[in-house]
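Shown next, in structure tokens, is the structure this report addresses.
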Amino acid sequence: IPEMTPEQMAVPRQDITPEHLRKTIKELFSDVAPGLGSCCNEHIMSILFSNEHDVPPLAKAVVDHVTGLANAVHTGDIPDPFYIYYMATRLIAASKKNPASLQDGEAMDVRPINIGNASRRVWTKAYFKPLIEVFIAYTKPCQYGCGEPGGGTEMVFGVKAMMDGAESNMIASIDVANGYNEIKHSSILQAVWDCPDLRGSYFFFHGILS
């Protein structure tokens, strides 16, 4: 990963707005496994109050204070040791099969799952909310399902419907390169820098890719 240039360091950095944070918190699911630190979604959801409730001003201001903390993290204003904890995950072994349903000689289907900090998951989603349309505009010509929840699944169903429409229909898929594993991080950073609408996020991308 190349070091950031003075020009890149001088670009105003994108931050998170309280509105995007509130919207992200409202979309959270309950009963989700917590990461390190044992902070779970329910703890984060508790900072939101309905406008109909009469709560002290300091309680209503919690979202603004949390937004300030999130922005300090994403703009690099927190001491470096914090980020070791912030990016750490809890590794668990998740089974896709119920042990009681296993047949004689059948092996468990266990895979490792990394669970990150709940606050990091929330802040990252809130950070990317205003960037979704930018990603779609730049990748839609060649990337299917970009920025759409379940967009890839909809494409699969669409292709299946087309294949079922006529016996003469056929499709071939060739993996020329595994972009997820093979693409260089420096190439991703260069693509972010080359996009004027994403330059405010270059510092953040540089941090997570480093």
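Worth pointing out:
- Kyte-Doolittle at least -1.0, axis length at least 15 Å by Cα - qualifying DSSP helices, the chain: 62-74, 118-128, 151-165
- Residues whose amide H lies under 5 Å from that of Arg90, counting only those 5 or more places away or on a different chain, are Leu36, Ile115, Gly116; hydrogens are built 1.01 Å from N in the peptide plane.
- Stretching Ser101 away from Arg13 to a fully extended chain increases their span by 26.5 nm, per 0.36 nm per residue minus the current alpha-carbon distance.
- Lys/Arg +1, Asp/Glu -1 at C-beta; the chain dipole; positive extreme among Cys39, Ile188, Val122: Cys39
- Taking every alpha-carbon pair within the chain, the share separated by more than 23 Å comes to 63 percent.
- For the chain, adding -39500 (n - 2.57) for each run of n ≥ 4 DSSP H residues and dividing by the number of residues yields -13000 deg cm²/dmol at 222 nm.
- Percentage relative contact order, the chain, counting C-alpha pairs under 8 Å, at least six apart: 27
- Net dipole in debye of the chain [+1 Lys, Arg Cβ; -1 Asp, Glu Cβ; about Cα centre; nearest 20]: 280
- Ranked from largest to smallest solvent-accessible area, with a 1.4 Å probe on the protein heavy atoms, Met45, Met87, Met170 come out as Met170, Met87, Met45.
- Positive-pole candidate from Gly158, Ile136, Pro18, dipole of the chain, charges at beta carbon: Pro18
- Evaluated over the chain, the count of Lys pairs having alpha-carbon atoms less than 29 Å apart is 20 (only pairs 8 or more residues apart or interchain).
- Lys60 - accessible surface, heavy atoms, 1.4 Å probe, Å² rounded to 10: 100
The values are calculated or read from the model by the stated rules, or taken from the named source; none is laboratory data. Since we're looking at a predicted model, the values are computed, not measured. Cβ: placed from backbone, ideal geometry, glycine included. Neighbour counts: every protein chain shown. Note: accessible area is taken over every heavy atom of the protein model, side chains too, but ligands, DNA and RNA are not part of it. Shrake-Rupley method; radii C 1.70, N 1.55, O 1.52, S 1.80 Å.
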